[in-house]
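Everything on this sheet refers to the single structure shown next.
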Amino acid sequence: MLNIRRFTGRFLILLGIISLWPFNSTAQTFRGGISGSVADIAGAAVPNVEVRATADDTGLTHQTVSSGAGEYGFQDLPLGTYTIRVEATGFQTLVVNGVTVNAGVILALPLKLSVSSVNTTVEVSASALSLDTASSVQNAVIAGKSLQDLPLDSRDFKKIVGFIPGFGGYSGVLGSVNGARSNQTNWQIDGTDNNDLWANNSAINQSGIGGIAGTMMPIDAIDQFSLQTQSNAETGRNPGATANLIIKSGTNQLHGSAYYFNRNEALAASPVFVPKRELRNENFGYSLGGPIFRNKTFFFTAFERQQFTIALSGLATEPSTAYQAQALNLLAANNIPVNPVSTALIATLYPASALTGPAAANNYISPDPETGYSNNGVVKLDHSFNDRNTLSAR
């Protein structure tokens with residue numbers, strides 16, 4: 001029988017080792033925050049009041065105490081929806097539901113308490129309050145169903161940039177932002193570097209370059225896509241923008257997906273100058289997340305296989321037997337002997353199927369398609385010791 005205590009101890013040690021490994025270290029935040037002030041109806045500050053922020057999906061609670069000026073703040077919160085609760089002697093308990101924390105945004109949430117002689121609770125929705133950000137960062141966030149429903153060519157997250165203000169068109173496969181070059185976007189995953197050292201592009205979702213293997217990030221593994229076009233000093237690095245992918249996390253409820261996408265030439269328009277050829281890109285996979293220990297330890301995993309078939313559509317000119325017959329006749333008419341080396345090269349380099357066309361330009365189109373595939377996966381583990389100490393491994 002499995003020893004739960006021994007398993008838990010080893011699991012947490014593994015989490016600690018992985019999360020402290022150099023490739024996971026980061027000095028930049030990929031999370032968000034909530035700040036504001038606690039005051040009474042007249043606007044007077046209410047100091048030394050406990051404020052709690054509870055994540056709706058995981059049950060993790062963060063708490064702080066308002067300062068002498070009534071100010072409070074939660075920094076570096078995991079993304080998601082929170083419930084804010086404020087309790088103070090002589091005031092009604094205030095509960096604010098539906099406070100959404102997005103990547104790179106510090107949300108300003110003013111809290112107004114009403115005087116009460118009895119223990120009562122007032123619940124309000126965050127949408128009914130005047131919310132604003134507490135920073136000058138220009139940040140666009142696409143998340144949830146909106147992210148999953150975007151019509152992305154090849155299910156490539158880099159194409160999300162084209163849906164955000166400041167997009168200046170594509171140069172190759174990357175989009176330009178705010179007039180900067182397409183390779184002047186700082187790409188991150190959960191706040192860590194995702195830039196290849198060769199072309200300064202996103203290392204994920206490109207063919208292998210500079211020693212980096214070609215990989216793809218499953219769209220179903222992405223919780224949020226954040227694009228900061230005017231960042232704070234801690235972001236820096238590139239002048240164009242900072243694009244940050246936030247990986248989904250597990251919650252207290254099991255959640256997941258299964259999918260299959262097929263881009264097929266049968267649904268495409270016919271080309272004008274060449275016949276329609278086989279052109280297919282298939283993506284299929286799953287995602288799954290949930291609790292290991294409720295309110296404490298969570299897992300998330302995703303897998304996607306991409307496989308493609310691309311028939312070459314371009315016409316080529318090959319030394320067909322008809323072309324060779326014309327050349328032989330021309331050589332014979334001028335008493336020039338046939339070079340056996342040339343004859344041997346044609347027989348060696350060209351398959352017979354490539355030499356059946358007429359003696360004319362563009363006499364060949366390849367029947368052999370290019371094929372390939374890749375298997376891509378994401379695993380994420382999160383553990384919370386308390387509201388200030390957590391471990392996360394990816």
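The values are calculated or read from the model by the stated rules, or taken from the named source; none is laboratory data. As the structure is a computational prediction, the values presented were derived from the model and not from experiment. All Cβ positions, glycine included, derive from the backbone under ideal geometry; neighbour counts span all protein chains shown.
Give A327, A316, A322, A311 a once-over and let me know the one that is touching a strand residue (DSSP E or B) at 6+ places or on another chain (Cβ under 6 Å), of a type in the set (A, V, I, L, M), farther than 30 Å from D57 by Cβ and surrounded by 11 or more Cβ atoms within 10 Å (Cβ to Cβ).
A316
Being assigned to a loop (DSSP other than H, G, I, E, B), β-branched (V, I, T), in contact (Cβ under 8 Å) with a residue 12 or more places away in the chain and surrounded by 18 or more Cβ atoms within 10 Å (Cβ to Cβ): is that true of T301 here?
No; evaluated as a whole, the condition is false for this residue.
Answer yes or no as to whether Y286 is out of contact with any helix residue (DSSP H, G or I) (no Cβ under 9 Å at 6 or more places or on another chain), among the hydroxyl-bearing types (S, T, Y) and at pLDDT 90 or above.
no
Does at least one position in region 356-365 carry a residue that is free of Cβ contacts under 8 Å to residues at least 40 places away in the same chain, assigned to a loop (DSSP other than H, G, I, E, B) and surrounded by 15 or more Cβ atoms within 10 Å (Cβ to Cβ)?
Yes, the conditions are met somewhere in region 356-365.
Having 1 or more residues that are within 29 Å of G33 (Cβ to Cβ), at pLDDT 85 or above and among the polar types (S, T, N, Q) is the bar; report the strands (runs of 3 or more DSSP E) wholly within region 89-205 that clear it.
It comes to 93-101, 185-189.
Table: residues versus (1) of a type in the set (A, V, I, L, M, F, W, C); (2) not assigned by TED's automatic domain parsing to the domain that holds I222.
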residue: T301; (1), (2): no, no
residue: A316; (1), (2): yes, yes
residue: A325; (1), (2): yes, yes
residue: I336; (1), (2): yes, yes
residue: V341; (1), (2): yes, yes
residue: F385; (1), (2): yes, no
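Which of the residues that make up region 279-303 are of a type in the set (S, T, N, Q) and in contact with a Lys or Arg (Cβ under 6 Å, 6 or more places away or on another chain)?
N281, N283
Condition check: at pLDDT 85 or above and either within 20 Å of S154 (Cα to Cα) or touching a Leu at 6+ places or on another chain (Cβ under 8 Å) (or both). Does N252 satisfy that?
Details: at pLDDT 85 or above: yes; either within 20 Å of S154 (Cα to Cα) or touching a Leu at 6+ places or on another chain (Cβ under 8 Å) (or both): no.
No; evaluated as a whole, the condition is false for this residue.
Condition check: among the small types (G, A, S), touching a Leu at 6+ places or on another chain (Cβ under 8 Å) and at pLDDT 80 or above. Does G210 satisfy that?
No: the conditions fail for G210.
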